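Notes follow once the structure below has been shown.
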Amino acid sequence: MAKLILAVCLVLLSGADLFAQAPYYQGKQIKVIVGFTTGGFYDRWARLLSRYMPKYIPGNPSFIVQNMPGAGSVVAANYVYSVAKADGLTIGLPSSGIISTN
């Protein structure tokens with residue numbers, strides 16, 4: 001019985017690579033939506049993050065920064081909320097003043 005258990009364990013351990021999956025973000029592109037024009041504080045912050053974040057995410061995805069100015073970043077927030085797919089490939093970077101607790 002012990003030999004059978006040992007044989008099953010060896011088969012499972014040798015086939016561990018069969019169950020491995022590729023990282024979700026491998027070969028994908030993450031879009032960062034900024035609610036302000038190019039060259040501002042939020043734009044520079046998004047571009048700095050998009051330069052260094054790929055090496056910390058499994059699969060090393062590429063990042064693109066897209067500026068969507070208008071209404072104090074409400075246009076960008078509405079786009080991320082209602083238009084962008086909820087698949088984890090779109091990140092919004094709106095103004096900090098957009099959040100209301102009322």
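None of the figures in this text is laboratory data; all of them are computed from the coordinates on show. Just so it is clear, the model here is predicted, and its values are computed rather than measured. Cβ coordinates were reconstructed from backbone atoms using ideal geometry, including for glycine residues, and neighbour counts include every protein chain displayed.
Nearest 20 debye, what's the magnitude of the dipole of the chain about its Cα centre given +1 on Lys and Arg Cβ and -1 on Asp and Glu Cβ?
On the way: 8 positive and 3 negative charges, 34 e Å.
Around 160 debye, computed over the chain.
Measuring from the lowest to the highest alpha carbon on each principal axis, how far does the range 22-95 reach, largest first, in angstroms?
Sorted largest first, the three principal extents are 40, 25, 13 Å.
Multiply the residue separation of N78 and M53 by 0.36 nm, subtract the distance between their alpha-carbon atoms, and state the gained length in nm to one decimal. Intermediate results must be reported in sequence, preceding the final value.
On the way: separation 25, 0.36 × 25 = 9.00 nm, distance 2.43 nm.
Working it through step by step, the gained length comes to 6.6 nm.
Can you tell me the 0 to 90 degree angle between the C-alpha axis of helix 41-52 and the longest principal axis of the chain, rounded to 10?
20
Quick check: the angle from helix 2-14's long axis to the longest principal axis of the chain, C-alpha only, nearest 10 degrees?
30
Antiparallel as a % of all DSSP beta bridges within the range 22-95, to the nearest 5? Numbers along the way, then the final one.
On the way: 0 of 10 bridges.
Taking every DSSP beta bridge within the range 22-95, about 0 percent pair in antiparallel fashion.
Cut-off under 16 Å on the C-alpha distance; same-chain residues fewer than 8 positions from K28 excluded. Which lysines are left, in chain and number order?
Result set, ordered by chain and number: K55, K85.
Between A22 and I5, what is the label-to-label distance in nm when each label sits 7 Å out along the Cα-to-Cβ direction?
With each label placed 7 Å out from Cα toward Cβ, I get 3.9 nm.
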